[in-house]
Amino acid sequence: MVKKTAKNSDELKLFRVEPGSQVDLSQHDPGWIGAEGMEELSKDVLKERAVEILEDNRLRLAEAQDKLNAQDVYAVLVVLQAMDAAGKDGIIKHVMSAFNPLYCQVTSFKVPTPLELDHDFIWRNYKALPERGRIGIFNRSYYEEVLVVKIHPEFLEGQRLPPGKRGGKFWKKRYQSINNVERHLTINGTQVVKFFLHLSKEEQKDRFLKRLEEPEKNWKFSVKDLSERGYWADYMAAYEEMLSATSTPWAPWYIIPADHKWVARTIVSSILTRTILDLGVDYPTLSEDQMKVMEAARLQLEQEV
Amino acid sequence: MKADNTQENGLLGREVFEGLKVKPGKPIHLVEIDPSSDVSERGIEINEENIKAQVMLENRRSLLAEAQDKLYARDRYAVLVIFQGMAGADIEAAIRYMMTGINPQGCQAFNFSQPSSEDLDHNFLWRYSVALPEHGRIGIFNHSYYDEVIYPKVKPEALAKQKIQVGRRPSAFWRARYQDINNFERHLVANNIAVLKFFLHISKEEQRQRLLNRIYDPKQRWRFSPADMDERQQWDQYLEAYEQALNKTSTEINPWYVLPAEQAWVASLLASDILTETILNLGVDFPQVSEEGLTELQAARQQLEAEV
């Protein structure tokens with residue numbers, strides 16, 4: 001499990017997709033539960049430790065967010081992508097709930113409206129970007145435009161694009177647009193951090209069955225989830241290509257092992273904490289003029305009877 | 001009469017909430033309401049550090065979380081929670097205490113900063129209406145359209161930016177705004193959005209202490225705003241504007257609650273319980289899958305189980 005040491009940036013590397021590398025998801029174990037040298041620890045011990053780290057990170061996240069907000073220079077955009085039932089909602093509920101909701105916003109993108117379809121494919125995401133000093137979470141994002149849209153060409157038709165081939169070049173241009181937008185955001189103070197929750201097909205089946213078996217979870221299941229499961233291999237291929245093409249030095253992807261919810265939550269919380277702290281957020285120092293105004297106010301308040 | 005869920009759910013009693021309500025037709029005087037308030041009378045035990053209230057709040061976070069889960073799953077109702085208060089009432093802290101640990105996916109909070117020129121070219125409710133919560137969500141307003149009957153009332157020149165004049169009969173002008181607000185909220189309720197309104201009540205002396213604390217604490221200094229000092233200069237006028245707003249816009253369906261806010265945990269605890277009770281009273285529960293849906297689920301299950 002992720003260690004609580006000063007050299008925490010190792011954990012960033014461990015799961016980060018190195019820019020320019022070719023991702024082969026079969027080389028990433030969705031059931032990963034511990035780093036090298038920790039094999040001797042039992043799963044229960046690891047889990048206990050992971051939960052402790054998560055709790056600790058939640059406090060650090062809250063503090064980092066307070067500074068982010070006070071400083072009002074940077075924003076953080078968290079992008080969550082995954083197959084159905086991979087635990088995106090759980091991450092939001094158990095990790096992001098550490099944040100003060102006043103400065104954190106979650107956006108889920110549903111079926112695009114006619115107005116949205118008449119704009120370019122990033123437009124509706126753009127409108128939902130976090131303001132300076134805030135954390136924005138995209139529960140799915142513009143990356144769907146190179147995933148589900150790629151697998152179901154009829155969605156692309158609905159976008160009424162100018163004529164042309166929809167082959168490799170077309171998708172390459174979409175990756176490029178995304179990289180450029182993210183670069184623009186970074187330059188202007190919005191740090192983008194992207195998590196792919198990597199779930200095995202077997203674990204998805206178990207989670208679906210749970211939703212089907214437990215009446216209070218029935219509502220979470222949509223028949224559509226099952227038909228998408230039928231495209232599993234296509235999705236994996238689309239994810240691999242997307243992860244390879246859009247993990248950049250300024251906006252890296254992290255592949256998070258997601259078969260164990262506690263593993264995924266702890267790793268995401270650690271990477272997120274590190275990412276925000278690496279921005280160098282801190283409480284702002286006031287200018288001389290501001291200090292003068294405050295000093296006058298202090299005197300006035302202290303003298304009141 | 002709605003069912004009283006409070007006992008069974010371990011919330012503070014209905015009579016506590018009733019005691020905090022501004023009753024329509026029974027105008028209140030804020031100066032007569034004790035902002036520190038003998039909270040033990042209301043079933044909250046506190047000591048000086050508010051530890052008890054804090055523990056109570058943390059213990060019932062799961063109640064609010066569960067109610068919110070159902071609200072979200074049901075996707076039919078929304079709740080709008082409005083916080084108002086004088087500078088230093090520390091609405092931020094109240095929201096933070098109440099909502100930390102609550103799923104941010106089903107919750108959205110808004111601060112309303114200076115209006116843009118686009119905002120000013122619209123009617124005074126516009127920028128607030130675009131921030132309303134969607135079905136299934138809790139929306140929180142840190143200040144709200146109620147500012148529109150507070151600030152410009154004390155400083156009418158603010159209305160110039162809206163290109164509006166109070167005219168010869170100020171009372172008629174403000175009455176029209178109260179009415180607009182009441183009608184707006186009635187429209188929300190009719191469309192499944194419950195509206196909760198909390199006024200965080202502090203004394204002038206408490207405000208002084210809090211402003212000073214912000215100045216003394218280097219970590220808090222950035223929160224200090226000279227505008228707060230201006231507001232303090234006109235404390236009486238602002239309090240009067242609040243009093244009128246509360247009296248004119250507390251209705252049977254959308255009452256105001258005056259929360260004693262000198263102990264932030266207590267205010268949060270009260271707000272949290274009233275919010276939880278409100279959600280539960282909407283009758284939200286996890287959605288039932290239809291007969292047809294169940295058949296589909298059954299088929300899906302068989303398909304999955306048959307997979308190799």
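A few remarks follow.
- Search result, residues across the stretch A:273-305 that are away from chain B (no Cβ under 13 Å), in contact with a Leu (Cβ under 8 Å, 6 or more places away or on another chain) and not polar (S, T, N, Q): A:R274, A:I276, A:L279
- Restricting B:Y216, B:Y257, B:Y242 to those that are more than 21 Å from B:F17 (Cα to Cα) and either more than 15 Å from the chain's Cα centre (by Cα) or touching a residue at least 60 places away in the same chain (Cβ under 8 Å) (or both) reduces the list to B:Y216.
- Flag for A:F195 being closer than 24 Å to A:D24 by Cβ, aromatic (F, W, Y), under 17 Å from the mean Cα position of the chain (by Cα) and away from chain B (no Cβ under 11 Å): yes
- Flag if A:Y126 is within 12 Å of chain B (Cβ to nearest Cβ) and among the hydroxyl-bearing types (S, T, Y): no
- Checked against (1) open to solvent by less than 20 Å² (accessible area, probe 1.4 Å); (2) within 14 Å of chain A (Cβ to nearest Cβ); (3) basic (K, R); (4) not in a helix (DSSP H, G or I), B:R232 meets all criteria but (4).
- Residue check, B:E252 more than 10 Å from chain A (Cβ to nearest Cβ), touching a residue at least 40 places away in the same chain (Cβ under 8 Å) and within 22 Å of B:A264 (Cα to Cα): no
- Wholly within the stretch A:26-145, helices (runs of 4 or more DSSP H) carrying at least 1 residues that are crowded, with 21+ Cβ neighbours inside 10 Å: A:43-71, A:88-94, A:123-126
- Long-range neighbours under 6 Å by Cβ, at least six apart or interchain, first residue of a type in the set (S, T, Y) within the stretch B:271-300, second open to solvent by 40 Å² or more (accessible area, probe 1.4 Å): B:T276/B:L63
- Of the residues making up the stretch A:165-172, not a single one is crowded, with 19+ Cβ neighbours inside 10 Å and either in contact (Cβ under 8 Å) with a residue 60 or more places away in the chain or over 17 Å from A:Y143 (Cβ atoms) (or both).
- Close pairs (8 angstrom Cβ cut-off, 6 or more residues apart or separate chains): in contact (Cβ under 8 Å) with a residue 12 or more places away in the chain in the stretch A:79-100, among the charged types (D, E, K, R) and assigned to a loop (DSSP other than H, G, I, E, B) anywhere: A:L80/A:R140; A:Q81/A:R140; A:K88/A:R140
- Selection count, the stretch B:146-187, where residues are crowded, with 18+ Cβ neighbours inside 10 Å and aliphatic (A, V, I, L, M): 3
- Selection within the stretch B:295-308 - at pLDDT below 90 and more than 8 Å from chain A (Cβ to nearest Cβ): B:V308
- For A:K220: the one exception among (1) free of Cβ contacts under 8 Å to residues at least 40 places away in the same chain; (2) open to solvent by 70 Å² or more (accessible area, probe 1.4 Å); (3) more than 22 Å from the chain's Cα centre (by Cα): (3)
- Condition check for A:D259: over 16 Å from the mean Cα position of the chain (by Cα), assigned to a loop (DSSP other than H, G, I, E, B) and crowded, with 19+ Cβ neighbours inside 10 Å: yes
Residues are listed down the side, and each one gets a yes or a no for (1) of a type in the set (S, T, N, Q); (2) open to solvent by 10 Å² or more (accessible area, probe 1.4 Å); (3) away from every other protein chain (no Cβ under 13 Å); (4) more than 23 Å from B:L270 (Cβ to Cβ):
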residue	(1), (2), (3), (4)
B:G85	no, no, yes, no
B:E92	no, yes, no, no
B:Y97	no, yes, no, no
B:G106	no, no, no, no
B:N111	yes, yes, no, no
B:D119	no, yes, yes, yes
B:R127	no, yes, yes, yes
B:P133	no, no, no, no
B:F141	no, no, no, no
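- Among the residues making up the stretch A:198-217, those that are within 14 Å of chain B (Cβ to nearest Cβ) and not in a helix (DSSP H, G or I) are A:S200, A:E214.
- Options B:A194, B:A190, B:A227: the member that is open to solvent by 50 Å² or more (accessible area, probe 1.4 Å), more than 9 Å from chain A (Cβ to nearest Cβ) and touching a residue at least 12 places away in the same chain (Cβ under 8 Å): B:A227
The values are calculated or read from the model by the stated rules, or taken from the named source; none is laboratory data. Being a predicted model, the structure only gives us computed values, none of them experimental. Don't worry about glycine lacking a Cβ; one is built from the backbone with ideal geometry, like all the others, and counts go over all protein chains shown. Quick note on the areas: whole protein, heavy atoms, side chains included, nothing else; ligands and nucleic acids left out. Shrake-Rupley method; radii C 1.70, N 1.55, O 1.52, S 1.80 Å.
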